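Here the structure comes first, spelled out in structure tokens, and everything after it is commentary.
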């Protein structure tokens, strides 16, 4: 056991820290700075910020050198995310799908031609991607995907509906999971298409979410003609490829996330120190003090889990048992933390927006925390996976997807 | 960056597991459960022969020159089989306090007996107040000439009926510190909720004591807590293994109960309580072993979370077993009672939450 970083890693940390320190927008993080709030403002802002990251070579940190990336080590990626979080720098937003989902999937399964065509504009931010995965009837049961792409000579005809598609109305391209064979069991008839979002018949409609913002979309596809050359890899291999895509959703950003939650926790503690209840600060109130300390403990443990997980990956190339429960653990930790933050305000929790404590940060945080336990494999799906794949418990009849016969 | 144990440490764990599965089945543990002062001297002797007691002590104190971190996985294995021996008390707690607080002469005087297993030591911290820090300690240490004498009553002392040496936290006019009592402590065995371990009250009536050289109670106190966490994780892991195993065998409605989501999700939640507790216990052990800046915090994080989360593991383990786990014959209550005892010893969750609150400036 040795938690020290190598001199090279420390040097990299210093380099990132210096870069972030000198490149954040003027006044960023100060109360006077007007952070982008609406989706449109965030798109404009993140295009500028992420372009800056890209030009400095930090966007493609984790991409191999042959595709224009830096080929950074796993530890360097972790350090990068930690430093970004420490500086409270903006999180990857507009180019997230391209950099972390579409790019790596094309790298893994695309033809040489496709790699040459699509990867450079992702890195340079000249093209923005969205990901067409979930559907109204294919959420946790993703393989139930019903959007169909029927091959007709040299092109596919695409019909169907996607949902929870981030950035669809601003994206240039879509990594679309669709059904290309109706006659085989459902996992076996899926393919990936690389779809130009400007094609006729594609209709993205923003989906207003509980926070009042519209980050997601529903996307309708009606008789969209997609050239056959836009098939990624092989026909009917989509389910296998989808697992590649999903495996890139998490990873080296874990400890960075922990630091961002730590920032939020510090804000919550400040909120608790200045809110008076029964004549004492909430932080000293017997009904709250222990809960606040417990929130601290739970968040610290997220860091320890991250350290164990990194070590498993560095030693064995894959996460260990600690990693299998990490998502379930931290997502519910965030839910509890946000509930507590709301409770700190007492009746002021019933206000929202500019009238609420901290301009509605806690109301928004509380609502957003539900995204953590639902998205990227709901807690219930996580528990199925943990019980079957880690604990080796028998697959039951109730939830096991029935193959079409 | 490497936050895991070495291959050698894992090898020792595997050897320990094989040895303890053979030598310490629950049939052996049950030989001692009716006697409030009973523990397995036979198993203790075998462990001493394997060198486990000597492991973490310096060679010139009769040890093998390894460190506290070499004990962590071993403690887990002993927790796994609820071994009826005073290893936690003597080796991982009292012996470590002497090692960290004692002068070289004091180490040479007390450690060889502990490291050979011939002498049993234990820590005596809590009193009537139930607190594990300086503020809760009333036991007085008074100096006359070169000699120190202690007066007070220590409670909830693990393995007190087995102990030859008591490492006692006591109050001096200059603050609390550790003392070693060799003679004169009067032990009253107490019936322990945890059937696998003995416990007692230790009365100190003007008894002679040796003050360990390095004053204050830290790092000794936090080492005691970290070691307890490492052991608890092993017991809880065993509960989960038993529970998952049982759920695959036990059939109702014509199928193994482990195929029902109600049971599978409970087991997944148990793992999601166990693994973070394990991460926290390991981190706390690393932090105390290396005197990391956040060692105090790490220990309270591990014990507060572990106390609550591992108690949930024990409770759900019983629940999944159903009626069978409510019987004396079934072993589950041995593990359940161990966890529930340890939840409240060495600081429960509210105690450690308050420590965290103070440490983080709440």
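Please treat every number below as a calculation from the coordinates, not as lab data. Model, not experiment: these values are computed from the prediction. Because the Cβ atoms are built from the backbone with ideal geometry, glycine has one as well, and the counts that use them run over all protein chains shown.
For peptide A:311-321, how many partner chain Cβ atoms fall within 10 Å of a residue's Cβ, on average?
2
Considering Cα pairs under 8 angstrom that are at least six residues apart, work out the relative contact order of chain B and quote it in whole percent.
Averaging sequence separation for qualifying contacts and normalising by length gives 16 percent for chain B.
Please arrange A:332, A:62 by how many other C-beta atoms lie within 10 Å of their C-beta, fewest to most.
Fewest-to-most ranking of A:332, A:62: A:332, A:62.
Multiply the residue gap between residue A:315 and residue A:137 by 0.36 nm, knock off their C-alpha separation, and tell me the result in nm, one decimal place.
Using 0.36 nm per residue and subtracting the Cα-Cα distance, I get 60.1 nm.
Going by Cα centres, segment A:38-56 and segment A:184-209 are how many Å apart?
25 Å
Dividing the alpha-carbon Rg of chain B by 2.2 N^0.38 Å yields what?
Relative to the rule-of-thumb radius for its length, chain B sits at 0.98.
For the pair residue B:191 and residue A:144, what calculated FRET efficiency results from E = 1/(1 + (r/R0)^6), where r is the Cβ-Cβ distance and R0 = 60 Å, to the nearest 0.05?
E between residue A:144 and residue B:191, to the nearest 0.05, is 0.55.
To one decimal place, what orientation-averaged projected area in nm² is obtained for the convex hull of the Cα set of segment A:7-94?
6.0 nm²
Within 10 Å of each Cβ in A:377-385, how many Cβ atoms from other chains are there, averaged over the peptide?
Average neighbour count from other chains, rounded to a whole number: 3.
Could you bin all the Cα-Cα distances of segment B:59-203 into 10 Å bins starting at 0 and give me the percent of pairs in each, rounded to whole numbers?
Values per bin, smallest distances first: 11, 41, 36, 12, 1.
If you wrap segment A:53-133's Cα atoms in a convex hull and average its projection over all directions, what's the area in nm²?
5.6 nm²
Can you classify segment B:7-119 as rounded, prolate or oblate using the Cα gyration tensor, where a ≥ b ≥ c are the square roots of its eigenvalues, rounded means a/c under 1.5, and otherwise it's prolate if a/b beats b/c and oblate if not?
Since a/c reaches 1.5 but b/c is at least a/b, the shape of segment B:7-119 is classed as oblate.
What average count of beta carbons from other chains do you get within 10 Å of the Cβ of residues in B:273-286?
Mean partner-chain Cβ count within 10 Å for B:273-286: 6.
Taking a ≥ b ≥ c as the square roots of the eigenvalues of the Cα gyration tensor of segment A:123-235, is the shape rounded (a/c under 1.5), prolate (a/b larger than b/c) or oblate?
Verdict is oblate for segment A:123-235.
Pairing the Cα long axis of helix A:254-274 with the longest principal axis of chain A, what angle in degrees results, from 0 to 90 and rounded to the nearest 10?
Once rounded, one gets 40 degrees.
For the residue pair residue B:261 and residue A:88, what label-to-label distance in nm results when each label sits 7 Å from Cα along the Cα-to-beta-carbon direction?
It works out to 4.1 nm between the two label points.
Have a look at B:75, B:111, B:50 and tell me which one the Gaussian network model of chain B (Cα, springs below 10 Å) gives the largest fluctuation.
The residue with the greatest mean-square fluctuation here is B:50.
Could you state the orientation-averaged shadow area of the convex hull built on the Cα atoms of the protein assembly as shown, in nm² to one decimal?
36.4 nm²
Using 0.36 nm per residue of separation minus the Cα-Cα distance, give me the extension gain between residue A:44 and residue A:235 in nm, one decimal.
65.1 nm
What angle, in degrees between 0 and 90 and rounded to the nearest 10, separates the Cα long axis of helix B:220-249 from the longest principal axis of the Cα atoms of chain B?
The answer is roughly 10 degrees.
Using label points projected 7 Å from each Cα along Cα→Cβ, tell me how many nm separate residue B:22 and residue B:45, to one decimal.
1.8 nm
Could you check the spin-label model distance between residue B:109 and residue A:37? Points 7 Å from the Cα along Cα→Cβ, value in nm.
Going by the 7 Å Cα→Cβ label model, 7.1 nm.
Over segment A:7-94, calculate the relative contact order: mean separation of alpha carbon pairs under 8 Å at least 6 apart, over the residue count, as a percent.
Taking the mean separation of contacting Cα pairs over the length of segment A:7-94, I get 36 percent.
Relative to a virtual label point 7 Å from the Cα of residue A:215 in the Cα→beta-carbon direction, which members of segment A:373-389 show backbone nitrogen distances below 19 Å?
A:373-379
Fully extended, how many nm does the chain gain between residue A:266 and residue A:6 (0.36 nm per residue separation, minus their Cα-Cα distance)?
Taking 0.36 nm per residue and subtracting the Cα distance, the gain is 90.7 nm.
Rounded if a/c is under 1.5, else prolate if a/b is larger than b/c, else oblate: which is segment A:312-404, with a ≥ b ≥ c the root eigenvalues of its Cα gyration tensor?
Prolate, since a/c reaches 1.5 and a/b exceeds b/c.
Three principal axis extents, largest first, for the C-alpha atoms of chain A, in Å?
76, 49, 47
Which values of log₁₀ I(q)/I(0), to two decimal places, follow from the Debye formula for segment A:254-390 at q = 0.12, 0.20, 0.21 Å⁻¹ with a uniform point scatterer at every Cα?
-0.54, -1.15, -1.23
Can you tell me the 0 to 90 degree angle between the C-alpha axis of helix B:349-359 and the longest principal axis of chain B, rounded to 10?
Roughly 60 degrees between the two axes.
Say we join alpha carbon atoms closer than 10 Å with springs in a Gaussian network model of chain A; which of A:26, A:181, A:150 then has the biggest fluctuation?
In this elastic network of chain A, the residue with the biggest mean-square fluctuation among A:26, A:181, A:150 is A:26.
What list of whole percents do you get for P(r) of segment A:191-304, with Cα-Cα distances grouped in 10 Å bins up to the one holding the largest distance?
In order of increasing distance, the bins hold 11, 20, 24, 18, 14, 10, 3, 0 percent.
Ranking A:50, B:31 by Cβ neighbours within 10 Å, fewest first, what do you get?
In increasing order of surrounding Cβ atoms, one gets B:31, A:50.
Got a sec? How would B:72, A:184, B:180, B:85 order by Cβ neighbour count within 10 Å, fewest to most?
In order of increasing Cβ crowding within 10 Å: A:184, B:180, B:72, B:85.
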